[in-house]
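For reference, the structure is listed below as structure tokens.
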Amino acid sequence: MYFSKGIFLIALAGFAEVALSHKPGKGPNRNAKRNFIMVIPDGFGPASEALARHYTHWTNNATIDLPIDKMQIGGIRTRSTDSYVPDSASTATAYSCGIKTYNGGIAVDDSYAPCGTVLEAAKAKGYKTGLIVTSRITHATPATYASHIYDRDIEDNIARQLIGENHPLGKPQVDLILGGGRCYFTPKSTAKSCRKDDIDLLGWAKSKAGYQVLTTRKDFEKKTKLPYIGLFTESHMSYEIDRDPAVEPSLTEMAIKGLNDLLAASKKEKTGFFVMIEASRIDHAGHANDPVGHLHDILQYNTMMKTVTEWIDKNSDAPTTLISTADHECGGLTLGYSLTGPPDYWWAPQYFAGAKNTYEVLAAKWKSYAGTDAAYLKTEIFGKYGVPDPTAAELAAATAGKSSTSAVGAVLAKAMNARLGVNWSTGGHTGVDVNLYGYGVNHLKMVGNHENSDVGNFVAQELGLDLKSITRKLQKNKKFIDAYVKPQGKVQKRDSCSKHVNEHL
């Protein structure tokens, strides 16, 4: 194995140590003007941070920490009511409603009754609100903050609730939306629409709810007053390493624009803002067992976190709390293999330096390529994924599977993981605890190991929110619940382990 760092030394600007400059103290009165930033790096486990930190150290061994390392204050237990291994819907419901629920449930309890969320309660109290993601905005995590439905996959319904066109509280709850997933907001007659009906949600948002609608990079760069909805891709936004900056803003850019606009909109108000920011695609790369996509979205998450802490310091006259934790780990990531001699154990992060794209992009590129020549496959496909030396068997497998992007993607991932010494135990989630990070006012109140539902309750306590009142209002709307929240017809029975898990929560 080649260990020399050689040409892989590069400068890593901006990853300076983040100091915990904010003291816990008593902080401002919870009824005083406050801001709360909730950041969820979806699918991000402890090994994921180690992977990014080790690679960063390999490229510049003066770098010991990544920005979030200095912000770690504890851990989060992630189980849901029906499994020790959660999904994003159940865990995000814990973060939004302060209760545990079953896998797949969007801001509902085990009986399918809607629960009031911190975003809805903040809106009711006069706070400005926002959701910023790199997935579809209708995906499970953002959905739990401003919609209620028994099944996370009914995204056309979720889209209607998110912008208030069909929300049980009767009006839009979210002032600022940034992310992907435009296809769920355009009528089925529109090219690339994901809807099954003719509802034009973007048109409704603009004409009926007063939203400004942003769909391009040029739109994003304009000064924009709330409320607005920015959807820059039909489905999920691109992985960071694949992103075209002329087309899509980065997670960091969206976060800072969102924070500035929320701050400006709340300047003259008695209350501040609540925003949830999700580094969504860390999880997608974990599902795909794609170490390249995983790495670069983690690095972008770290960049965003550092930039947000600087924003908090710069705007110290607006007391702000930042809490960040994953919803769950994804992929069962491990790092390392045995050597026959010293140092006995290793993994090889240097291979990451040659990667230019995820296998998602490269497999599509190979499928569309007119030829089958090995030279192109070796340099433009394997080489651009960080595998400069594909074997004859790997080249043959990629050639045989050329018509299938999933088949070629699997070949590329297997080749890269083998060279790195990175292993994945699953293409799904795992039940391990995830790290908890904090910054700003009163964040040290969360030091320690907590159930995920404690996070939602902490947000409510800090902002003085009444979740029970919102829950009562939601549950009074029986007509809406029967028509849109509860299952329509028979649903698959949940796993029999749910009773055992619930008895021990």
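Which value, in debye to the nearest 20, gives the size of the charge dipole of the range 87-190 about its Cα centre, when Lys and Arg are +1 and Asp and Glu are -1 at the Cβ?
360
Given the protein chains as shown and a 1.4 Å probe, how many square angstrom of R77 are accessible, to the nearest 10?
90
Setting aside same-chain residues fewer than 8 positions from K479, which aspartates and glutamates have a Cα under 17 Å from its Cα?
Excluding near neighbours in sequence, the set is E165.
Taking the simple approach of a point 7 Å from Cα along Cα-to-Cβ for both A396 and Y369, what is their distance in nm?
1.9
Provide the net charge surrounding G293, with neighbours chosen by a C-beta distance below 14 Å and charges set as Lys +1, Arg +1, Asp -1, Glu -1.
Values: positive: R243, R281, K356, K384; negative: D42, E240, D242, D283, D290, D297, E360.
Neighbour charge sum, excluding G293 itself: -3.
How large are Rg and Dmax for the range 211-325 when calculated on the C-alpha trace, in angstrom?
When restricted to Cα atoms, the range 211-325 yields Rg and Dmax of 15.1, 47 Å.
Using Cα positions and a limit of under 14 Å, work out the aspartates and glutamates in reach of K171, with same-chain residues fewer than 8 apart set aside.
The reachable aspartates and glutamates, counting only those whose Cα sits under 14 Å from K171, are E120.
Accessible area of E310, 1.4 Å probe, to the nearest 10 Å²?
Surface open to solvent at E310 totals about 90 Å².
Given a Förster distance of 22 angstrom, what is the FRET efficiency for Y337 paired with E451, based on the Cβ-Cβ distance and rounded to 0.05? All intermediate terms of the calculation are to be shown ahead of the outcome.
Numbers: r = 35 Å, r/R0 = 1.60.
For Y337 and E451, the calculated efficiency is 0.05.
Please name whichever of Y301, T334, W311 sits farthest to the positive end of the charge dipole of the range 286-340, dipole taken about the Cα centre and charges placed at Cβ: Lys and Arg +1, Asp and Glu -1.
Farthest along the dipole direction, towards plus: T334.
Quickly work out the V432-to-K223 label distance, labels modelled 7 Å from Cα along the C-beta direction, and quote it in nm with one decimal.
My value for the distance between the label points is 4.8 nm.
Which one, T391, P343, A363, projects farthest toward the positive side of the charge dipole computed for the range 336-423 from Cβ point charges (K/R +1, D/E -1)?
Farthest along the dipole direction, towards plus: A363.
Would you please state which residues of the range 326-349 a label at Q72 would reach in this model, taking the label point 7 Å out along Cα→Cβ and a backbone N cut-off of under 18 Å?
326-330, 332-336
At a probe size of 1.4 Å, how large is the accessible area of C183, to the nearest 10 Å²?
0
Work out the charge dipole of the range 167-255 with +1 on the Cβ of Lys and Arg and -1 on the Cβ of Asp and Glu about the Cα centre, then indicate which of T252, G203, M237 is farthest towards its positive end.
Going by the charge dipole, the pick is G203.
Check the straight Cα-Cα distances from K70 and name the aspartates and glutamates below 17 Å, setting aside those fewer than 8 residues away within the same chain.
Partners within reach: E17, E49, E310, D313.
When you count, for each residue, the other Cβ atoms within 10 Å and take the mean per peptide, how do 331-337, 466-472, 367-373 rank with the highest first?
In descending order of packing, they fall as 331-337, 466-472, 367-373.
Nearest 20 debye, what's the magnitude of the dipole of the chain about its Cα centre given +1 on Lys and Arg Cβ and -1 on Asp and Glu Cβ?
Details: 58 positive and 52 negative charges, 344 e Å.
It works out to roughly 1660 debye.
List the equivalent ellipsoid semi-axes of the chain in whole Å, largest first, each obtained as the square root of 5λ for an eigenvalue λ of the Cα gyration tensor.
Each semi-axis is the square root of five times an eigenvalue, giving 37, 27, 23 Å.
With a probe of 1.4 Å, find how much accessible area the chain has per residue, and write the answer as a whole number in Å².
On a per-residue basis, the chain sits at 40 Å².
So how many Å³ per residue does the convex hull of the Cα atoms of the range 336-423 work out to?
87
Pop out the carbon and sulfur fraction of the accessible area of the chain as a percent, whole number, probe 1.4 Å.
So the carbon and sulfur contribution to the accessible surface is 53 percent.
If you put +1 on each Lys and Arg Cβ and -1 on each Asp and Glu Cβ, how big is the dipole of the range 76-125 around its Cα centre, in Debye rounded to 20?
Rounded to the nearest 20 debye, it is 240 debye.
Just list whichever of K225/K478; K33/K473; K445/K478; K196/K490; K100/K125; K188/K208 have alpha carbons separated by over 29 Å in the model shown.
Result: K225/K478; K445/K478 exceed 29 Å.
Please compute the length gained on full extension between K414 and S316, using 0.36 nm multiplied by the number of residues separating them and subtracting their Cα-Cα distance.
30.5 nm
The values are calculated or read from the model by the stated rules, or taken from the named source; none is laboratory data. Model, not experiment: these values are computed from the prediction. Positions of Cβ are generated from backbone atoms using ideal geometry, with glycine treated the same way; all protein chains shown enter the neighbour counts. Calculation scope for accessible area: heavy atoms of the full protein, side chains included, ligands and nucleic acids excluded. Shrake-Rupley method; radii C 1.70, N 1.55, O 1.52, S 1.80 Å.
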